[in-house]
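First the structure, in the form of structure tokens, and then the observations on it.
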Amino acid sequence: MSMPQATVSQSVVPSRAIQLVCPCCDLLMQVGSNHDHSKHELICPRCKHQVQAAGNMGFTKQACIAFSALLMLIYANTNPLLTFDFAGAYNTASILRGTLLLLEQGFYFVGGSVILTSFVAPFCFLTLIIINSLCLLTKRRPFWLATSIHFQQHLALWSMLEVYLLGFIISLVKLLDLAQVNVGVGIWCFAASFLLSSYLVHKISGELYWSTYAKR
Amino acid sequence: MQSARSQGLAQCQHCHWVQAISKTNCERCHLTIEVRIKHSEQRCWAFLLTAFVFMFPANLLPITILSSIGAPQPETIISGVFSLIDSDMEIIAVIVFVASIVVPAIKIIGLALILISLQLRLHLNNSQRIFIYRFVDVIGKWSMIDLFVLSIMVAVFQYNDLVGVVAGFGATAFTAVVLLTIAAAKSFDTRLIWDKCLD
């Protein structure tokens, strides 16, 4: 467990100290210039908010993991999550089919919310990681890069893959009571996509993106 | 302990760069700086009250309509929980009850409590306020479970001639409650807790 490195700011900021502000409580802090944020997380001493996460995953690794998660997500959305044999009729269910049926029934708001949180948000989040990482790796700085990094950070909040997985387990238990259910390969890809994107959310350092962006 | 604003400093909400409060655009990412979320309390109240109003149709109107050989059977959230208990699926019933009824209610009550305590200066310390906020923020998205179950069930029975599942208007109201409470939590600026009440 890494220890917090921040100290509360005094009125005079010594040289070779970096000023930081807690985004949660606006506390002004200072850390030594030798602070290595790749090894130590930074916790606000007042509100205990994690100001900087530990970890400094390189852009190449981020892009590779995001690409794998994206492929898994696309496969999971287009292939059956489960197959279900009920009263002689053979049924399959996929994520996209379920949301499209809700839209067909006229429930645009419900279907739109489900598709936003289970597909669009994680898809855009992973795509933006790939695009932004490649831009920073190849030292390109298109005019939309700052906005793109900003959206990447916010889209993670709307990605609800873990909630969908729990929803799937509940549906599975309900259906098992009725008939024979076979779990499709789609759900395994969905679970893999969830694990990879969770790993990215916890390991990506926003500071690394912005400091690399500002360097060039 | 000093806040950045009292020292004439502001943090960019996008890249977290610290700079003089007079800047309108960040020196590092060039995006617009907002020292505090504008009209944070009013927006939070607006989202909360709208969510509270939608709680009634979400819980009273059917969320799913099960059509089998007999008459269509409309099912509200709470009747769905009772039918799960009747089918000996108590654990699932508890998960659905907590995610669909308890969590939205806790979110509305928790955020309202923070706002009222700030506006009326009630006896709550800042650690308790931020604990309530973080709890509300973390549990927020788990209410979506019922909607995901609905979308899976609709897909499963799409080609079945004996049983059909369609969404009811309660589902629309419930989606509104979930999204409005998430929006309320996101529109609340936690820095106001320390701006208003310095422990």
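Could you tell me whether any residue of the stretch A:84-92 is within 13 Å of another protein chain (Cβ to nearest Cβ), within 25 Å of the chain's Cα centre (by Cα) and outside any helix (DSSP H, G or I)?
no
A:Leu128: on the phi < 0 side of the Ramachandran plot and in contact (Cβ under 8 Å) with a residue 60 or more places away in the chain, yes or no?
no
So for the stretch B:115-128 (the condition being surrounded by fewer than 23 Cβ atoms within 10 Å (Cβ to Cβ) and at positive phi), does at least one residue qualify?
Yes, that holds for at least one residue.
Search the stretch A:55-83 for residues being out of contact with any Lys or Arg (no Cβ under 6 Å at 6 or more places or on another chain) and not in a helix (DSSP H, G or I), and hand back the single one that is farthest from the other protein chains (Cβ to nearest Cβ).
At the first step, the residues of the stretch A:55-83 found to be out of contact with any Lys or Arg (no Cβ under 6 Å at 6 or more places or on another chain) are A:56, A:58-83.
Those left that are additionally not in a helix (DSSP H, G or I): A:56, A:58, A:79-83.
Numbers: A:Asn56: 16, A:Gly58: 19, A:Asn79: 12, A:Pro80: 9, A:Leu81: 7, A:Leu82: 7, A:Thr83: 9 Å.
Across the stretch A:55-83, the extreme among qualifying residues is A:Gly58.
Out of the residues in the stretch A:181-201 meeting the condition of being more than 13 Å from chain B (Cβ to nearest Cβ) and over 16 Å from A:Met160 (Cβ atoms), tell me which one is nearest to the chain's Cα centre (by Cα).
This residue is A:Tyr199.
Given the conditions (1) free of Cβ contacts under 8 Å to residues at least 40 places away in the same chain; (2) at positive phi, report the number of the one that A:Lys139 does not fulfil.
Tallying (1) free of Cβ contacts under 8 Å to residues at least 40 places away in the same chain; (2) at positive phi, A:Lys139 fails exactly one: (1).
Would you point out which residue out of B:Ala71, B:Ala105, B:Ala46 is assigned by TED's automatic domain parsing to the domain that holds B:Thr190, farther than 29 Å from B:Trp142 by Cβ, small (Gly, Ala, Ser) and surrounded by fewer than 19 Cβ atoms within 10 Å (Cβ to Cβ)?
Unique residue meeting the criteria: B:Ala71.
Between a residue in the stretch A:164-183 that is within 14 Å of B:Val149 (Cα to Cα) and any residue that is polar (S, T, N, Q) and at pLDDT 90 or above, which pairs come within a Cβ distance under 6 Å, given they are 6 or more apart or on different chains?
Here the result reads A:Tyr164/A:Ser118, each pair linking the stretch A:164-183 to a residue that is polar (S, T, N, Q) and at pLDDT 90 or above.
Against the conditions (1) buried (at least 20 other Cβ atoms within 10 Å of the Cβ); (2) at pLDDT 90 or above, where does B:Ala167 fall short? Just the number, please.
Condition not satisfied by B:Ala167: (2).
Hey, does the stretch B:44-53 have a residue that's of a type outside the set (Gly, Ala, Ser) and part of a loop (DSSP other than H, G, I, E, B)?
Looking through the stretch B:44-53, none of the residues is of a type outside the set (Gly, Ala, Ser) and part of a loop (DSSP other than H, G, I, E, B).
In the list A:Leu126, A:Leu136, A:Leu101, which residue meets the criterion of being more than 14 Å from the chain's Cα centre (by Cα), more than 10 Å from chain B (Cβ to nearest Cβ) and of a type in the set (A, V, I, L, M)? Let's see the steps before the verdict.
Values: A:Leu126 fails: more than 14 Å from the chain's Cα centre (by Cα); A:Leu101 fails: more than 10 Å from chain B (Cβ to nearest Cβ).
None of the others qualify; the one that does is A:Leu136.
Of all residues in the stretch B:178-194, how many are more than 9 Å from every other protein chain (Cβ to nearest Cβ) and touching a strand residue (DSSP E or B) at 6+ places or on another chain (Cβ under 8 Å)?
0
Has the stretch B:42-56 got at least one residue that is within 13 Å of another protein chain (Cβ to nearest Cβ) and among the charged types (D, E, K, R)?
Applying the first criterion (within 13 Å of another protein chain (Cβ to nearest Cβ)) to the stretch B:42-56 yields B:54.
Add one more test, that the residue is among the charged types (D, E, K, R), and what stays is none.
So far as the stretch B:42-56 goes, no, none of its residues is within 13 Å of another protein chain (Cβ to nearest Cβ) and among the charged types (D, E, K, R).
Could you please let me know if B:Ser79 is closer than 30 Å to B:Gly164 by Cβ, within 14 Å of chain A (Cβ to nearest Cβ) and of a type in the set (Gly, Ala, Ser)? Lay out the reasoning, then the answer.
Working: closer than 30 Å to B:Gly164 by Cβ: yes; within 14 Å of chain A (Cβ to nearest Cβ): no; of a type in the set (Gly, Ala, Ser): yes.
Considered against the rule, which asks whether it is closer than 30 Å to B:Gly164 by Cβ, within 14 Å of chain A (Cβ to nearest Cβ) and of a type in the set (Gly, Ala, Ser), B:Ser79 comes out as no.
Looking only at the stretch B:74-90, which residues are modelled with pLDDT of 90 or more and either among the aliphatic types (A, V, I, L, M) or not assigned by TED's automatic domain parsing to the domain that holds B:Val177 (or both)?
Those that are modelled with pLDDT of 90 or more and either among the aliphatic types (A, V, I, L, M) or not assigned by TED's automatic domain parsing to the domain that holds B:Val177 (or both): B:Ile77, B:Ile78, B:Val81, B:Ile85.
Being more than 18 Å from the chain's Cα centre (by Cα) and not β-branched (Val, Ile, Thr) is the filter; apply it to the stretch A:147-169 and report the residue that is farthest from the other protein chains (Cβ to nearest Cβ). First the steps, then the outcome.
Residues of the stretch A:147-169 more than 18 Å from the chain's Cα centre (by Cα): A:167-169.
Still in the running and not β-branched (Val, Ile, Thr): A:167-168.
Values: A:Gly167: 3, A:Phe168: 6 Å.
Only one residue fits best here, namely A:Phe168.
The values are calculated or read from the model by the stated rules, or taken from the named source; none is laboratory data. None of the values given here were measured: they were computed from a predicted structure. Counting neighbours? That spans all protein chains shown, and the Cβs are built from the backbone with ideal geometry, glycine included.
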